[in-house]
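Some notes on the structure that comes next.
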Amino acid sequence: MGNRGDLAEAFRAEVGVEFAFLVEDAGFSGPEQTDNGLLFHSVGLDVEVWFLDGHEPEVTTLVAPVAADGVRARGVWLNELYVVSGRSRSGRSRLGPDPASHA
């Protein structure tokens, strides 16, 4: 299982490249390394790309509003935003769990 750490590091490196547009074009700062992946900050919004390294590894993205006082509100998973917007074929919608539940 020593390979799992390498996989998480490779994931972080790739996310840094693929999400560079947030910093270069959209005014975000980061990325900041977290226990679960990488976090990008902007005025009023955080985008956190997670790598959940379980039996079947999963990648997901959390989008969370941030109040003027810096308090981060409960976020929503990006795939759920697609469902709500009608971009998913499943037609199901459910808000994701609080990010703390994955820690």
Calculate log10 I(q)/I(0) of the stretch 1-76 for q = 0.13, 0.19, 0.20 Å⁻¹, where I(q) comes from the Debye formula with a single equal point scatterer on each Cα and nothing for solvent. -0.40, -0.79, -0.85
Extending each Cα 7 Å along its Cβ direction at Leu81 and Val63, get the distance between those two points in nm, one decimal. 0.2
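Bear in mind that the values in this text are calculations on the coordinates, not laboratory data. Worth saying up front: this structure is predicted, and the values here are computed from it rather than measured. Here Cβ is always computed from backbone atoms with ideal geometry, including for glycine, and neighbour counts include all displayed protein chains.
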